[in-house]
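See below for the structure under consideration.
A short reminder: the numbers here are calculations on the coordinates, not readings from a lab. As the structure is a computational prediction, the values presented were derived from the model and not from experiment. Cβ placement follows ideal geometry from the backbone for every residue including glycine, while neighbour counts extend to all protein chains displayed.
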Amino acid sequence: MISAGDKLPEATFTVMTADGPKPITTDEIFKGKKVVLFAVPGAFTPTCHASHLPGFVEKAGEIRSKGIDTIACVSVNDVFVMDAWGKTSNTGDAVQMLADGGAKFANAIGLSMDLTERGLGVRSKRYSMLVEDGVVKTLNVEEGPGIAQSGAENMLTQI
């Protein structure tokens with residue numbers, strides 16, 4: 001599992017643009033920037049939809065005021081689901097929605113989990129991290145239900 005001090009591996013996500021789906025690399029997201037990245041097991045799932053994403057949307061201004069360039073949400077969902085979730089949740093420009101459709105990033109950083117028995121397939125664990133120029137500064141992985149470690153409130157104490 002990735003940890004504080006490690007450089008993020010090269011990976012490609014998909015984002016929705018006005019022209020349709022577009023690939024975006026870790027370099028494009030993280031190089032030379034301070035980024036808060038948080039991951040959810042699934043778009044529209046109860047805790048993710050009711051608590052995790054809304055917390056970062058609500059606290060976006062406060063987070064950015066601490067020198068953060070980008071707040072990004074990643075999930076093992078396709079880009080169309082991530083786009084619809086962002087629109088439904090009114091993320092606007094506050095949170096960039098990243099699709100990790102094949103779980104390649106989640107697997108590469110050792111934060112995937114197999115929820116096949118629950119009908120969800122391979123997903124990302126719930127976490128948040130502060131990344132500076134591609135290097136993980138803090139990592140908060142939830143070991144149980146809820147967002148006590150990975151939520152926006154805790155992240156604000158670490159920036």
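Centre-to-centre separation between the Cα atoms of segment 50-67 and those of segment 86-159: 14 Å.
Applying 1/(1 + (r/R0)^6) with R0 = 25 Å to the Cβ-Cβ distance of D69 and E143, what FRET efficiency is obtained, to the nearest 0.05? Efficiency computed from Cβ-Cβ geometry: 0.30. By the count of neighbouring beta-carbon atoms within 10 Å, fewest first, R126, R64, R118 end up ordered R118, R64, R126. For D93 and M1, the difference between the fully extended length at 0.36 nm per residue and the C-alpha to C-alpha distance is 30.1 nm. Sorting V81, V76, V135 from the fewest to the most surrounding beta carbons within 10 angstrom yields V135, V81, V76.
Gyration tensor analysis over the Cα atoms of segment 80-154 returns equivalent ellipsoid semi-axes of 19, 19, 14 Å (largest first, whole Å). Rounded to the nearest 0.05, the FRET efficiency derived from the C-beta distance between H49 and E117 at R0 = 35 Å is 0.95. When Rg and the Kirkwood radius Rh are both evaluated on Cα atoms of the chain, their ratio Rg/Rh stands at 0.92.
Note on the chain: helix-only mean residue ellipticity at 222 nm, from DSSP H runs of 4+ residues weighted -39500 (n - 2.57) and normalised by residue number, equals -5000 deg cm²/dmol.
Between E132 and K104, the FRET efficiency estimated from the beta carbon spacing at R0 = 22 angstrom works out to 0.45.
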